[in-house]
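First the structure, in the form of structure tokens, and then the observations on it.
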Amino acid sequence: MIQKRNKVIYIPYSNKNGDVYEYPVNMIKILEKKYDVCGQLAEPNNVVDMMKTKAVFLNWVEDRLNRKMKIQLWMYRLLGTKVIWIFHNKFPHQSTGKDKKIAEDMKWLANHASYIILHSRSSRKYLPNYNMNSHKTVYVPLIMFEKRVSLEHTSELRHKYNIKETDFVFTMFGMIKQYKRYEETIKAFKKLGLHGAKLILAGNSNEAEYIKSLKNLCRDCEDIILDIRYIPNITLNAIIEISDVIVAPYVNRSSMNSAVMIQAFSNARTVIIPNICMARDMASQGFFYGYKTSLERVMLKAFKNGKDANREMGNRAYKYVAEHNNEEVVSAKLYSILER
């Protein structure tokens, strides 16, 4: 009797490092339409459970891959389960890129995966053991985010942040971590000294010393709003709504993709972003500000372009992701991999 495989394991199931993270939630929502999804690998001796499993999806496991997990994944492969590694970053953001164990574990993942999902075509060249593993890669667009905005909520935020309708608003949002270089945005904004401009920095953080340093940087500038807390999605969408340009100056050495970029586009806002792989994929579209060296220069350019021009760029970005990153497109790609 052929064992029906209707189970999918998705790691992490709904959060990353204990923080709610919308990316796995969106992916799981798609998978749950056809499969039973859970977030836990079976014990190495639980062959019955493994044989019910269609696929194992792996996100951000590069820095926690241990011997037991390797045995589990090897067993899944041996028993006919697809192991699907999502290649998010060149190396984990918190790593220097020189950690030999992480480098070896990334090679192990690439070598033992059935398929390797890329969220940007330009990231393919960074794949570990490229010649051996490039044939396993499948491009799956990063799914666009839902736009849910309350006009009343938006108005309340403007009042809370003391932002006028005429103010030009730069915003950074998401988990506040050092690799996202919040301090670079603060320094560039302060140096520019733009009249009628505001900078919002909104998100949660578990890096107390880093937050302390950011507060010190912002202390003498009333035009910077530092809102450090868990931001519910409806509030985050309202923050994006009152923004003109989203700033995402990631460390280019590790970053290849940007959920913030897609979330901004999903809310019809343009972004400032360095020359990461996802930005290279879309560079010819002309609806965002890419840069290689000077964040300050590109922020000035965005400001000088004015609110209307940036809104038009955001609208074109929204049309692009609505066509190329919608749920139907992403679902078809994922189901195609699973049914091969």
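No value in this document is a laboratory result; all are computed from the given coordinates. Just so you know, these numbers come straight off a predicted model, no measurement behind them. Every residue, glycine among them, receives a Cβ derived from its backbone with ideal geometry; neighbour counts consider all protein chains shown.
Remarks
- Two-site label geometry, N66 and T166: point separation in nm, points 7 Å out along Cα→Cβ: 6.1
- Residue-wise HN-Hα coupling along the stretch 61-76, computed from phi with Karplus coefficients 6.51, -1.76, 1.60 (Hz; x: Gly, Pro): 9, 4, 9, 9, 7, 10, 4, 4, 4, 4, 4, 4, 5, 5, 5, 4
- Top of G290, G193, G314 by mean-square fluctuation, Gaussian network on the chain, Cα under 10 Å: G193
- Other-chain or far-sequence residues with amide H under 5 Å of I200's (modelled H): F170, T171, M172, I225
- Residue exposure sequence - S95, S258, S336, S213 - by fewest surrounding Cβ within 10 Å: S336, S213, S95, S258
- Other-chain or far-sequence residues with amide H under 5 Å of V61's (modelled H): none
- For the chain, modelled as a GNM whose springs connect Cα atoms under 10 angstrom apart, the maximal fluctuation among K147, K33, K187 occurs at K33.
- Counting only alpha carbon atoms, the long axis of helix 182-192 and the longest principal axis of the chain meet at about 20°.
- Sequentially through the stretch 269-277, phi angles give Karplus couplings (6.51, -1.76, 1.60; θ = phi - 60°) of 10, 7, 9, 10, 8, x, 7, 7, 4 Hz, Gly and Pro residues having no value and appearing as x.
- Contour excess over end-to-end distance, with Cα ends at L192 and L78 and 0.36 nm allotted per residue: 35.2 nm
- GNM flexibility winner over the chain from L127, L151, L109 (Cα, springs under 10 Å): L151
- Qualifying lysines (Cα of each under 27 Å from Cα of K68; at least 8 residues distant if same chain): K4, K7, K16, K52, K54, K82, K90, K98, K100, K101, K107, K136
- Whether the stretch 151-324 is rounded, prolate or oblate, judged on the alpha carbon gyration tensor where a/c under 1.5 counts as rounded: rounded
- The tail of the calculated P(r) for the chain, taken as Cα-Cα distances beyond 29 Å, holds 41 percent of the pairs.
- For the stretch 320-328, backbone phi angles converted through the Karplus equation (6.51, -1.76, 1.60; θ = phi - 60°) give residue-by-residue couplings of 5, 5, 5, 8, 9, 10, 6, 4, 4 Hz, Gly and Pro being listed as x.
- Amide H contacts of T270: I246, G314, each under 5 Å away and 5 or more positions distant or on a separate chain (H built 1.01 Å from N in the peptide plane; Pro and chain starts excluded).
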